[in-house]
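J.: Take this structure first; my questions come after.
The values are calculated or read from the model by the stated rules, or taken from the named source; none is laboratory data. Keep in mind it's a predicted model, so treat the numbers as computed, not measured. Counting neighbours? That spans all protein chains shown, and the Cβs are built from the backbone with ideal geometry, glycine included. Heavy atoms of the whole protein, side chains included, go into the accessibility calculation; ligands, DNA and RNA do not. Shrake-Rupley method; radii C 1.70, N 1.55, O 1.52, S 1.80 Å.
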Amino acid sequence: MGDAISSLLFQPPAPTRLKESKVIWLTNSFGKRIPAFFIECAKDSSGGGMRSPLPGESDYDQSGGPPQNVPSTPQIRTPKELEMGATTGSISRGAPTILYSHANAEDLGNIYPWCKFLSKMLGVNIFAYDYTGYGLATDQGDPSEEYCFADIDAAYSYLRNILRIPTSNIILYGRSLGSGPSCYLAARTAEEGDAVGGLILHAPFLSVYRIVIESGCTLPGDRFPNVDFAPSIRSPVLLIHGTKDSIVPFNHSERLLETVIEPYRAEPLFIKGMGHNNVHASIRPFFIEKLRKYLDKHILPNIESAKRSSNNSRGKLVRLVR
């Protein structure tokens with residue numbers, strides 16, 4: 001049953017291409033090489049992310065002042081540009097960074113437009129990666145749960161150790177299949193005492209077997225038991241699900257929310273009539289507005305608090321040295 005489930009679960013599409021100069025190569029703990037990309041959002045003078053206005057929003061500030069600066073287009077950065085940014089601290093100063101885990105039948109090439117849209121509208125950096133066996137990593141072997149966990153570990157390590165992005169700035173975003181590695185990493189960082197800044201689960205499932213049959217518990221051989229990871233998570237969790245999802249039943253998100261400890265339950269985004277695969281253009285303004293509210297309430301205050309604490313610590317050190 002396990003092999004049959006794997007063959008149904010993992011369905012890599014025909015690989016799509018990105019410019020080779022933009023690809024960041026990561027190596028996971030199994031020695032598998034996987035590609036990734038980093039989209040840097042437009043930033044204001046303080047280093048925070050700038051958001052493009054939604055349709056109908058005014059470009060003028062609330063006081064009736066002159067037009068605000070129009071955000072520049074988010075840029076996909078080369079590894080060399082990222083290394084320079086990490087050295088100067090320009091990447092991690094203020095903007096949140098989403099670590100994006102894509103759905104099945106997707107790879108980096110076909111999620112790039114969506115990631116760029118999210119970066120532009122939310123004012124966030126986005127770091128996305130492919131799973132072993134997907135996209136440019138199709139030559140690395142067949143995908144598996146173990147490889148997916150190792151893949152997101154490698155991506156997270158790059159953000160923390162190479163780009164030096166603070167934990168409070170990192171938000172995990174897992175869509176469908178991507179909810180598995182995202183829940184795993186959110187629980188792991190919490191158990192290690194350094195929980196990520198936030199977790200967004202878009203059309204997640206309780207576990208793979210439970211999509212097919214309600215087992216009542218996690219059976220041997222089940223994959224991605226999100227319902228078992230959820231109670232350990234210590235990051236604000238936003239659940240997104242369409243009520244007309246025909247692939248992952250809507251009640252998976254309802255029940256998953258119940259397993260998250262109450263202080264970490266953000267108001268869910270359950271969209272009437274939405275299916276599994278697409279956020280239709282007609283509801284995107286509503287979708288973006290809700291994600292912005294999540295960032296404003298649960299993420300940005302913690303980033304500012306961590307920044308003030310870091311600045312105070314540096315100030316004390318300077319005074320001691322003097």
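J.: Has the stretch 174-193 got at least one residue that is among the acidic types (Asp, Glu), under 20 Å from the mean Cα position of the chain (by Cα), at negative phi and outside any helix (DSSP H, G or I)? Outline the logic, then answer.
T.: From the stretch 174-193, those among the acidic types (Asp, Glu) are 191-192; that's our starting set.
Adding the requirement that they be under 20 Å from the mean Cα position of the chain (by Cα) leaves 191-192.
Now drop any that are not at negative phi, which leaves 191-192.
Still in the list and also outside any helix (DSSP H, G or I): 192.
The answer is yes; a qualifying residue exists.
J.: Tally up the residues in the stretch 228-247 that are surrounded by fewer than 22 Cβ atoms within 10 Å (Cβ to Cβ) and hydrophobic (A, V, I, L, M, F, W, C), please.
T.: 1
J.: Scan the stretch 210-228 and report the pairs whose first residue is modelled with pLDDT of 75 or more and whose second residue is open to solvent by 70 Å² or more (accessible area, probe 1.4 Å) and not in a loop (DSSP other than H, G, I, E, B), with Cβ atoms within less than 8 Å and a gap of 6+ or a chain change.
T.: As it stands, the answer is Thr218/Asp228; Val227/Arg255, since those pairs meet every condition given.
Each row is one residue, and each column tells you yes or no for (1) farther than 23 Å from Phe149 by Cα; (2) of a type in the set (Gly, Ala, Ser).
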residue	(1), (2)
Leu219	no, no
Asp222	no, no
Asn226	no, no
Ser246	yes, yes
Glu254	yes, no
Glu267	yes, no
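J.: So which strands (runs of 3 or more DSSP E) stay within the stretch 51-129 end to end and still have 1 or more residues that are among the hydroxyl-bearing types (Ser, Thr, Tyr), under 17 Å from Ile165 (Cα atoms) and modelled with pLDDT of 95 or more?
T.: 97-101, 125-129
J.: Shifting gears a bit: I'd like the residue in the stretch 105-140 that is in contact with a Ser or Thr (Cβ under 6 Å, 6 or more places away or on another chain) and open to solvent by 10 Å² or more (accessible area, probe 1.4 Å) and, out of all such residues, is farthest from Tyr158 (Cα to Cα).
T.: Only one residue tops the list, namely Met121.
J.: Also, I was wondering about something else. If I ask for residues that are touching a strand residue (DSSP E or B) at 6+ places or on another chain (Cβ under 6 Å), in a loop (DSSP other than H, G, I, E, B) and of a type outside the set (Gly, Ala, Ser), which ones from the stretch 210-242 would you list? Quick ask: steps written out before the conclusion?
T.: So the first thing to find is which residues in the stretch 210-242 are touching a strand residue (DSSP E or B) at 6+ places or on another chain (Cβ under 6 Å), and the list is 235-242.
When the remaining residues are screened for being in a loop (DSSP other than H, G, I, E, B), the result is 235-236.
Matches in the stretch 210-242: Pro236 only.
J.: Would you pick out the residues in the stretch 248-283 that are within 18 Å of the chain's Cα centre (by Cα), open to solvent by 40 Å² or more (accessible area, probe 1.4 Å) and farther than 21 Å from Tyr184 by Cα?
T.: Glu267, Asn277, Asn278
J.: Considering only the stretch 40-50, I want to know if a residue exists there that is open to solvent by less than 50 Å² (accessible area, probe 1.4 Å), touching an Asp or Glu at 6+ places or on another chain (Cβ under 8 Å) and modelled with pLDDT of 95 or more. Can you show your working first?
T.: So in the stretch 40-50, the residues open to solvent by less than 50 Å² (accessible area, probe 1.4 Å) come out as 40-43, 47-50.
Remaining after also requiring touching an Asp or Glu at 6+ places or on another chain (Cβ under 8 Å): 50.
Restricting the remaining residues to those that are modelled with pLDDT of 95 or more gives none.
Scanning the stretch 40-50, I find no residue that is open to solvent by less than 50 Å² (accessible area, probe 1.4 Å), touching an Asp or Glu at 6+ places or on another chain (Cβ under 8 Å) and modelled with pLDDT of 95 or more, so the answer is no.
J.: Hey, another quick one. From the list Tyr134, Tyr112, exactly one residue is over 16 Å from the mean Cα position of the chain (by Cα) and of a type outside the set (D, E, K, R). Which is it?
T.: Working: Tyr112 fails: over 16 Å from the mean Cα position of the chain (by Cα).
Criteria check complete, one pass: Tyr134.
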